[in-house]
Amino acid sequence: MPSICQAVTSDGSSDSVKYSHQAPVLSPGTHSLTVSHGVARVEQRYHVAGSGPVCVAHSGGPGIGWGYLCTAGLEEHLTMVYIEPVGTGDSGRLPDPRDYTVGTYAGILHQVITHLGLPRVTLLGHSHGGFVAQQYAVDHPDRLSGLVLYDTSPVADEEFWSAAVAAMERFVERHAADHPEVTGYVAALNAPLDRMSDEDATAVLRQIMPAYLFDYWGREDEFGPARGSLRMYAEPNRGQGPPFDLRDELPGVTTPALVLAGQQDFICGPRWARLLASAMPAAELSILEDTGHLGHLERPSRFDGAVLAFLRAQDVVAGGV
């Protein structure tokens, strides 16, 4: 069967696998379960591909369609379980959009992991999905054999966002002469996604996607199709709550962790990766050079090698990388 990564369509769904309530929970394909959120019951979908020890992957956003995070290289060694976050794609919607918080996503993630029926799993979280993974590690450390925190941060406060805007301004300065369209990127980064339609939010994400890569225009033939397949769902951006900040809790997380970041990631780069790794007693840091926010697309062999070497050291996977 082809990798699920090879068949994700422009709406974030997969045309290579069948949706099933009845198949075993880790059989290849698309699965659904009903999760609880307060008194509400919500459909949660997830997608399984590959073989080997189980790695649950939580995509970013909030609100970005799950398909961009497909990692075919990891599927050769791991059973990848890709969460399709509630509020996106064919998963359900929360009754109150204000409830799309990191805590809500971590609680739903726990229901999925419990559903899988395994004593422990590896958890990979990218960007906002890394916020969710950190919260899960704080809440349920006994359920994790390893933690991969990929292009994320232990905090997303005003200083974090100001630094991201400043980095985007520098990106515009570097590229405006050759690519005048980037002059709108700072305004797009600050656009109120919570007040947009899904179509308009998707347009914003696709507009600024080059800033998330080290060399988009040098590899546009390769990255253009990925840009065109990105989907953003506006509703998860309506969540309300205090700014994300786990700096005080992370020293208590003893789960072996790999903190992985792109050297040129403008939003969750080395500054935040180092802060995150230094806060966790069992964390190691890996910086991917010539890489932005999407290292699994830009430098897949380096990304896969770093993740698999870490998991091999934890005896999660066997053999060479």
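Data overview
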| quantity | calculated |
| --- | --- |
| Pairwise FRET efficiency - residue 249 versus residue 115, Cβ, R0 = 30 Å, nearest 0.05 | 0.70 |
| Protein accessible area in the chain, 1.4 Å probe - carbon and sulfur % | 49 |
| Options (i) 54, 42, 40; (ii) 56, 56, 44; (iii) 55, 53, 36 - which one matches Cα extents along the principal axes in Å as calculated here | (i) |
| R0 of 35 Å, Cβ-Cβ distance residue 166-residue 199: FRET efficiency to nearest 0.05 | 0.75 |
| Kyte-Doolittle mean at least 0.0 and Cα axial length at least 20 Å: DSSP H helices in the chain | 102-116 |
| Computed [θ] at 222 nm, deg cm²/dmol, the chain (DSSP H ≥ 4; -39,500 (n - 2.57); rounded to nearest 500) | -9500 deg cm²/dmol |
| Selected from 148, 132, 113, residue furthest toward positive end of dipole (region 39-174; charges at beta carbon) | 113 |
| Tensor-based shape of region 15-121 (alpha-carbon gyration tensor, a/c under 1.5 rounded, otherwise prolate or oblate) | prolate |
| Spatial separation of Cα centroids for region 181-216 and region 84-117, in angstrom | 24 |
| Per residue accessible area of region 185-269, 1.4 Å probe, in Å² | 45 |
| Two-site label geometry, residue 186 and residue 34: point separation in nm, points 7 Å out along Cα→Cβ | 5.1 |
| With all protein chains modelled, accessible area of residue 316 [1.4 Å, Å²] | 30 |
| Cα gyration tensor category, rounded, prolate or oblate, for region 175-321 with a/c compared to 1.5 | oblate |
| The chain, dipole about Cα centre (Lys/Arg Cβ +1, Asp/Glu Cβ -1), debye to the nearest 20 | 620 |
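The values are calculated or read from the model by the stated rules, or taken from the named source; none is laboratory data. Predicted model only: the values in this text are computed from it and were never measured. Every residue, glycine among them, receives a Cβ derived from its backbone with ideal geometry; neighbour counts consider all protein chains shown. Just so you know, the surface numbers come from the protein's heavy atoms only, side chains and all, with ligands and any DNA or RNA stripped out. Shrake-Rupley method; radii C 1.70, N 1.55, O 1.52, S 1.80 Å.
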